[in-house]
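> Below you'll find the structure I mean.
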Amino acid sequence: MRLYSVHHRPGERDVTDPDVVLVKEGFCWPALFLPLVWLLYRMQFWGLLAYLLLTGLLTVAVTLSGMDDLTGLALSLVLSLLVASLANDWRSWRLSAKGYELVTVVAAKNLSQAERIFFLHEWQGDDDALIASPAKTFVPLPASSLTPFATPFDRR
C-alpha cells in the first residue's frame, strides 16, 4: 500500500488549477532517472535551480580535485538519490505555498484507487471507507524549523 496526501484549495482559484491534488508520499522514481525533466514537468523551478547549481559545483569539484570519473559518477548518483527522496515533499510544499491545504492521507494500491477512496468518502459520506473523516481525526503538525514540512518530532 502507498500513502497519498490529499491537498485541497478552498475558495476562489485559477481555472487551470485543480481543486484537489493527490501526491504520493515517499520516493519518486521518475525524479531519480530524469531529475531535470521531472523538475521542469512539475514546475519546481527553485529545485531545478538548486539541482543545476549543485551539479555545476560537483563537476567543478571533481575536475579540480582530480577525482576519477567513477567517483564523479557516484557523487552524481548521490545527488540524484537526494532529489528523488525529496521530490514529492517539494511538490507538497509548493502546493501549500499556492494555497492548498492538507486534508487527509489515503492508503491505496495506486493513484486511481486513492482517488476513488477519497472522492467516494468525500461525496457520498461513506463511513466504511478506508480513510477517516478529516474533520474528526486530522490535526496538522507544525512546520519544522529545519524544513518547510511537518515532522512527527515537531510536537512540543
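Throughout, read-outs are computed from the coordinates displayed, never taken from laboratory work. Model, not experiment: these values are computed from the prediction. When we count neighbours, we look across all protein chains shown, and the Cβ atoms used for this are built from the backbone with ideal geometry, even at glycine.
> Express in nm, to one decimal, how much length is gained between LEU58 and VAL37 on full extension, taking 0.36 nm for each residue of separation and deducting their alpha carbon distance.
So the extension gain works out to 5.6 nm.
> Count neighbours as other Cβ atoms within 10 Å of each site's Cβ, and list the trypsin sites (Lys or Arg not before Pro) in region 20-117 that are DSSP loop with at most 16 such neighbours. The partial results should precede the final answer.
Details: sites: LYS24, ARG42, ARG91, ARG94, LYS98, LYS109, ARG116; in loops: ARG42, LYS98, LYS109.
Answer by residue number: LYS98, LYS109.
> Grab the alpha carbons of region 16-65, take their convex hull, and tell me the volume per residue in Å³. Could the numbers behind the result be given before it?
Working: hull volume 4.8 nm³, N = 50.
Spread over its residues, the Cα hull of region 16-65 gives 95 Å³ apiece.
> Once you sort the root eigenvalues of the Cα gyration tensor of region 48-90 as a ≥ b ≥ c, which label holds: rounded (a/c under 1.5), prolate (a/b larger than b/c) or oblate (the other case)? Mind showing how you got there, number by number?
On the way: a/c = 4.71, a/b = 1.85, b/c = 2.54.
Here region 48-90 falls in the oblate category.
> Moving on to the next point. For the pair LEU79/LEU3, report the inter-label distance in nm, with labels modelled 7 Å from Cα in the Cβ direction.
Rounded to a tenth, the inter-label distance reads 3.0 nm.
> If r is the Cβ-Cβ distance from SER112 to SER65 and R0 is 35 Å, what FRET efficiency results, to the nearest 0.05? Kindly include the intermediate steps, with their values, before the conclusion.
Values: r = 48 Å, r/R0 = 1.37.
Between SER112 and SER65 the formula returns 0.15.
> What does the charge count near ALA87 come to, summing +1 for each Lys or Arg and -1 for each Asp or Glu among other residues with Cβ under 13 Å from its Cβ? Can you show the working numbers first?
Details: positive: LYS24, ARG42, ARG91, ARG94; negative: GLU25, ASP89.
Once all neighbours under 13 Å are counted, the net charge is +2.
> Also, quick follow-up: Rank the residues GLU115, GLU101 as a footprinting-exposure proxy: fewest other Cβ atoms within 10 Å of their Cβ go first. Walk me through the numbers before you get to the answer.
On the way: GLU115 16, GLU101 13.
Placing the least packed residue first, the sequence is GLU101, GLU115.
> Identify the chymotrypsin sites (Phe, Trp or Tyr not before Pro) of region 1-73 meeting these criteria: DSSP loop state and at most 14 other C-beta atoms within 10 Å of the C-beta.
PHE27
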